[in-house]
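Read the structure below first, then the notes.
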Amino acid sequence: MSKKAHKTTLSRREFLSAASMTAAAAMGASFHIGKAAAQQKGRIIMLGFDGMEPSIVEDMLERGSLPRFAALRQQGGAHRLTTTIPPQSPVAWNSFATCQNPGAHNIFDFIRRNPGGAAGPFPLVGTGRVNPPTLAPTGALIAPATADNYRKGTAFWSAADEQGLRAKVLNIPFCFPPDPLKHGLMLSGLGAPDLRGTTSTYFALSDSFTKAQLGEDLGGGRRVALAFDGADEATLNVPGPRDARHRFGAPGAYAETPLRIKVNRADHRGTVEADGGRVEIEQGVWSDWLELRFAMSDAVEIMGITRFFPQEIGEQTRIYMACVQYHPDAPYTPLTAPNEYSAELKGRYGLYKTVGWTYDTHAVRQNDMTEDAFLKDIENTMAWRERLTLDELERGQFDMLLSAWTATDRVGHLFWRFRDAKHPYYDPDAPEHWRNALERVYQRADEITGNVMKQLRDNDALFVFSDHGFGSWRTGFNLNTWLRDNGYLKIANPHQADRGFLQGIDWNETRAYSVGLSSLYLNVRGRESGGIVAPGAAESLAAEIADRLKQVKDPASGAQVFSNLYLRNVYHGEAMADAPDISLGYAPYYQNARQTSRGGAGAPLFESVEDKWSGEHASTDYQHAEGMFFANIPVEKKKPHIQDLGVTALKRLGADMPAEYEGDAI
């Protein structure tokens, strides 16, 4: 490492107040977790498996394929778990955390809208944001990067923490940034962004991309042409964190670092180097992690990590490069609570994934990663989280331990096409391990649960659950096209409207619009910029639109498109200002089409889902998307709700209950 690089890194760590992180990690240090009063009824352990579909679980139970779940059912019981409106992961997991409905916790969709944009409403990420560091024109640091969570309310583990109880919260979705805990620890999961501030932006590197391939609009990815010299070496600059001193799209908008790739085509191997670090790469094999450094100025340097999966090193080279992620030694914004925990985990296990969108579904959809590489990554990452969970169980010093896996959801999204013979992307000749991928990941969930059960003490309560269910997605419905055709939305610029982001819409003539996976909004005067709907007329207009949508049928099949439309009065609480006027409840096989989700208009009303993303739940009627729930103790409530679990945990631990909690002790 150069002398200059060494000084820059120290400067970065100083402003993070984490100068001792690496030393603690190297020694495998373990910080002390605060004490709490001894509990009479044992500990609470909850295992969450995102998107696990109860009908498949029930079928596998009948076939004897899930023996540990069967044992749990025998000990306590198995139930369907009522989920949220809508049954989206950010909505459901935040109701789990806060024991409240979305109208109280403020998360209604993966995408929210800013109603007061200068040119009309504008879509935003629905759960939170990252604010880049503030630098002086000289490059000196004024303030480090920060992260905001739009969630309102108090998570039940924070309520427990305030009462001296100890919680270990591992990879629970949409807990980013981590909640400050006095007596416990937290590792952020789904919701933690990459170093660019996006959900996850991968890189596809190749010397054989055509001009058309390079010009494709990739959701969640970028394609980069490699120009190898006579020694089969190529250099590229990789963008990292945002530099707010430069506007979007301008040179310098993102700090960059160079990578040097060298390949040996005959051996199907190579190397990738960055800032003196180096990893070996081999065709068809996941590489080790490569550490990266992004100099934002002479005074500020940001650390990151990435890794590679070469799909081909031969006559042509095709390399998948993972999104650049937070470095656990010096995370861009806090990743764990306490801050030192991220470095401690590196000391235990080495470098590890820190991005919340753990599995790169984007790259598989764009054919920049193979299904087999994806499934191998599923296997390895589930095992890492299992190891962490079992280790923290063995270490003890907790009153509640919560741990979650998202592989069950991601495999459902990408591999459902192999289970539904009527899906447009169904392939009867697909390899058996693709057709059975969902069952295999459910079996891994069963194995993980069994290994946890082996470590339980007398009187420990174990809950295993999924936040929502799943189903096949065959047809997309362009709701904004329907609103246009029925006189509720007017397009001013068809080209802009087709691109999305609520552009190209004539707001002076528009009464309703849709953006997000399940949300419809009215253009209300005084709420939306340029709103035209009188506030007093909003309720009747929403009811009118809901009634008309309920009558819509698919001309190809005669099937009803919507099972239910939910008016905003299904919600209540302090966050109602951001609630949609209608939450969509699609019938099975239908969802918002992608153009509508990103705020576009003008595509055909119905679209066949010609996409590997073939399973969905996000705007399904919640009554068709229940989660599953197992417990090793009897459950008294006939229909448990995801809001009940935290209330039950607090009551069982003898803790005081926040007055605003809505769930029941089950």
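Laboratory data are not the source of any read-out in this text; all were calculated from the coordinates shown. Note that the coordinates shown come from a computational prediction; the quantities given were computed from them, not determined experimentally. Note that each Cβ is placed from the backbone with ideal geometry, even for glycine, and that neighbours are counted across all protein chains shown.
Need one number: the % of Cα-Cα pairs in the chain sitting beyond the 31 Å mark. Let's see the in-between values first.
On the way: 120959 of 221445 pairs.
Of the Cα pairs, 55 percent sit more than 31 Å apart.
Using the Cα centre as the reference, give the magnitude of the dipole from point charges on the C-beta atoms of the chain (Lys, Arg: +1; Asp, Glu: -1; all else neutral), rounded to the nearest 20 debye. Please report the intermediate quantities before stating the final value.
On the way: 71 positive and 80 negative charges, 194 e Å.
Rounded to the nearest 20 debye, it is 920 debye.
Report for the chain the percent antiparallel among DSSP-assigned beta bridges with both residues inside it, nearest 5.
Working: 74 of 105 bridges.
Of all bridge pairs located within the chain, approximately 70 percent are antiparallel.
Tell me the GluC sites (Glu not before Pro) within segment 289-389 that lie in a loop according to DSSP and have at most 14 other beta-carbon atoms within 10 Å.
Values: sites: Glu291, Glu301, Glu312, Glu315, Glu340, Glu344, Glu371, Glu379, Glu386; in loops: Glu315.
Qualifying residues, ordered by number: Glu315.
For Ala253 and Asp391 in the same chain, what is the full-extension length gain: residue separation times 0.36 nm, less their Cα-Cα distance, in nm? Intermediate values should be presented prior to the final figure.
Numbers: separation 138, 0.36 × 138 = 49.68 nm, distance 4.12 nm.
Taking Ala253 through Asp391 to full extension adds about 45.6 nm, to one decimal.
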Restricting to Cα atoms and excluding each atom paired with itself, what does the Kirkwood estimate give for segment 509-551 in Å? 10.8
Which order results if Asp498, Asp621 are arranged by neighbouring Cβ count within 10 Å, fewest first? Asp498, Asp621
Counting alpha carbon pairs within less than 8 Å and at least 6 residues apart, what relative contact order, in whole percent, applies to the chain? 23
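So between Ala659 and Ala534, what do we pick up on full extension, going 0.36 nm a residue minus the alpha carbon distance? Provide the component values of the computation, followed by the final result.
Values: separation 125, 0.36 × 125 = 45.00 nm, distance 3.52 nm.
Extra length from Ala659 to Ala534 when fully extended: 41.5 nm.
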Virtual spin-label span in nm between Leu214 and Asp498, 7 Å along Cα→Cβ: 2.4
Longest segment of the chain with no trypsin sites (Lys or Arg not before Pro) in a DSSP loop having at most 15 other Cβ atoms within 10 Å? 458-636
Which one, Ser65, Gln366, Gly277, is farthest towards the positive end of the dipole of the chain when Lys and Arg carry +1 and Asp and Glu -1 on their Cβ? Gly277
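Calculate, in nm to one decimal, what Glu509 and Lys651 gain on full extension: separation in residues at 0.36 nm each, minus their alpha carbon distance. Write down the numbers at each step before the final one.
On the way: separation 142, 0.36 × 142 = 51.12 nm, distance 5.26 nm.
Computed gain between Glu509 and Lys651 is 45.9 nm.
My understanding is that a pair violates if its Cα-Cα distance is over 27 Å; which of Lys182/Lys637; Lys454/Lys651; Lys182/Lys353; Lys346/Lys651 do that in this structure?
Details: Lys182/Lys637 33 Å; Lys454/Lys651 25 Å; Lys182/Lys353 25 Å; Lys346/Lys651 35 Å.
Violating the 27 Å limit, Cα to Cα: Lys182/Lys637; Lys346/Lys651.
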Over segment 473-621, what is the relative contact order in percent, taking alpha-carbon pairs closer than 8 angstrom and at least six residues apart? 37
Based solely on its DSSP helices, what 222 nm [θ] is calculated for the chain when runs of n ≥ 4 H residues each add -39,500 (n - 2.57) and the sum is averaged over all residues, nearest 500 deg cm²/dmol? -7500 deg cm²/dmol
Placing each pseudo-label 7 Å from Cα in the direction of the beta carbon, Asp458 and Thr370 end up separated by a distance in nanometres of 5.3
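Would you work out the Kirkwood radius for segment 473-621? I mean one over the mean of 1/r across all pairs of different Cα atoms, in Å. Write out the running numbers ahead of the final one.
Details: mean 1/r = 0.0648 Å⁻¹.
With all distinct Cα pairs of segment 473-621 included, I get 15.4 Å.
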Net charge dipole size for segment 473-621 [Lys, Arg +1 and Asp, Glu -1 on Cβ; Debye, nearest 20]: 140
As straight-line cross-link partners of Lys553, the qualifying aspartates and glutamates (C-alpha separation under 14 Å, not fewer than 8 residues apart within one chain) are Glu607
Val324, Val561 arranged by Cβ crowding within 10 Å, fewest neighbours leading: Val561, Val324
For Lys639, give me every one of the aspartates and glutamates with a C-alpha distance below 16 angstrom, ignoring sequence neighbours fewer than eight places off in its own chain. Asp467, Glu626, Glu662, Asp664
Would you work out which of Ser472, Gly220, Gly197 lies farthest towards the positive end of the dipole of the chain? Charges go on Cβ: Lys and Arg +1, Asp and Glu -1. Gly197
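How would you rank Thr333, Thr620, Thr134, going from fewest to most other Cβ atoms within 10 Å of each one's own Cβ? Please report the intermediate quantities before stating the final value.
Working: Thr333 22, Thr620 28, Thr134 14.
Least crowded to most crowded, the residues run Thr134, Thr333, Thr620.
What FRET efficiency do you get for Arg548 and Lys639 if R0 is 22 Å and r is their Cβ-Cβ distance, rounded to the nearest 0.05? List each step's numbers first, then the result.
Details: r = 31 Å, r/R0 = 1.41.
The formula returns an efficiency of 0.10 here.
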Cα→Cβ-extended label distance, 7 Å offset, between Arg265 and Ala140, nm: 5.3
